[in-house]
């Protein structure tokens, strides 16, 4: 599929005026130009919208119908099934992502090195899948949020969590994670996001600093599960790259993120579902409303906000009805949800899952999440205008027509008679 022509184009920032022709060369976008200059064998998409492939930036590929209650009370995450079965769940997730129009994901933790091994299997051509920025285990400390008080049930081999104490021990864990293919180190800096820990702080300042400096020296990024405002500011000051959740976010945190260039994944759908099911309290309701209020301010301040949430499928009896299930169309629901917040424009929210996400997914000089010459050719073609109606991204069975991953077509649903442009 070297050239697609007669397309409306959302380039990761805005819907471009008129129609365009987009040509590919290998795994890169070569040109974005006038349809009149397209070759006679170009594929005519007849006014469909071509846009960057979607990228989710808080993904646990092996989370699947686990019990959050068990995970925090003695049954460790990542031990629900044997390692091979956990990997099979990850392979399934890769398929669901592609069928949902997501050509990339940034991991937020996994068991059994699944992110790094999926990335390897995709690169070798063993399975189809999205572009991956691999995460690894949750790194925590003894008696922190994820270290179960049922000490007698800690397994001989880790699930999703690893624990160490002190800067030197954590440095060693970071280096071992990187050795195993991890590109983003995940820490639990504080409790929160619907769960209470023994303390607000899960890691000492010197421990967080050691993780960040070691990871950055190894060309890895650091993401932090953190909710408390003071801890958010501390993480930003110490160089943490991605703030996950940030339920107690305030204007000072936003200013600090904008200055530092920190990414923020609010993952607000999870909080919304906790409240709808009566699993939250008045304090969680306050946090939810505060984050909704602050998101437009963060957008206006230049904070690089991202889509992504704790998908696993634990909120409904059937996976098909679960807004956070690893099911086709579920990931795309976030766009209409955030675009429905007063003060946020749909084009900006689409940019969270394309342009902003691309800046995290790949390291320079590579570029992703945009439709422009020289960028990676991870693209989708959809029927309709996602700026006018972002909910169409939650209906990929009807709206998604083409998925191109690394310059190769992996899904082609164009109807007969529209594949070729008349000479």
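The values are calculated or read from the model by the stated rules, or taken from the named source; none is laboratory data. None of these values were measured; they are calculated from a predicted model. Cβ: placed from backbone, ideal geometry, glycine included. Neighbour counts: every protein chain shown.
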Completion exercise
Filter region 127-173 for residues that are modelled with pLDDT under 85 and touching a strand residue (DSSP E or B) at 6+ places or on another chain (Cβ under 8 Å); the one that is surrounded by the fewest Cβ atoms within 10 Å (Cβ to Cβ) is 147
Exercise for the section: Considering only region 298-312, state which residues are surrounded by fewer than 18 Cβ atoms within 10 Å (Cβ to Cβ) and in contact with a helix residue (DSSP H, G or I) (Cβ under 6 Å, 6 or more places away or on another chain). Expected result: 301, 302
Problem - Tally, over region 320-332, of residues that are surrounded by fewer than 21 Cβ atoms within 10 Å (Cβ to Cβ) and in contact with a strand residue (DSSP E or B) (Cβ under 8 Å, 6 or more places away or on another chain) - result: 0
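Taking into account only those residues within region 174-192 that are out of contact with any helix residue (DSSP H, G or I) (no Cβ under 7 Å at 6 or more places or on another chain) and at pLDDT below 95, which is nearest to residue 282 (Cα to Cα)?
First, pick out the residues of region 174-192 that are out of contact with any helix residue (DSSP H, G or I) (no Cβ under 7 Å at 6 or more places or on another chain): 176-179, 183-184, 186, 188, 191-192.
Next cut, at pLDDT below 95 only: 188, 191-192.
Details: 188: 24, 191: 17, 192: 14 Å.
Here the answer is 192.
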Problem - Residue in region 257-278 that is farthest from the chain's Cα centre (by Cα), counting only those that are surrounded by 19 or more Cβ atoms within 10 Å (Cβ to Cβ) and closer than 19 Å to residue 212 by Cα - result: 257
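Of everything in region 174-191, what is surrounded by fewer than 23 Cβ atoms within 10 Å (Cβ to Cβ), under 20 Å from the mean Cα position of the chain (by Cα) and part of a loop (DSSP other than H, G, I, E, B)? Give them in sequence order.
As a first pass, look at region 174-191 and keep what is surrounded by fewer than 23 Cβ atoms within 10 Å (Cβ to Cβ): 175-176, 178-181, 191.
Checking which are under 20 Å from the mean Cα position of the chain (by Cα) leaves us with 178, 181.
Correct list: 181 only.
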Practice task
Would you check if residue 283 is more than 24 Å from residue 354 (Cβ to Cβ), surrounded by fewer than 18 Cβ atoms within 10 Å (Cβ to Cβ) and at pLDDT 95 or above?
Solution key: no
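Considering each of 12, 18, 47 in turn, give the residue that is closer than 25 Å to residue 131 by Cα and part of a loop (DSSP other than H, G, I, E, B).
Numbers: 18 fails: closer than 25 Å to residue 131 by Cα; 47 fails: closer than 25 Å to residue 131 by Cα.
Going through 12, 18, 47 in turn, just one is closer than 25 Å to residue 131 by Cα and part of a loop (DSSP other than H, G, I, E, B): 12.
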Practice task
Would you please list the contacts, defined by Cβ atoms under 7 Å and residues six or more apart or on different chains, that run from a residue in region 211-223 that is outside the structural domain of residue 172 (by TED's automatic domain parsing) to a residue that is modelled with pLDDT of 95 or more and assigned to a loop (DSSP other than H, G, I, E, B)?
Solution key: none
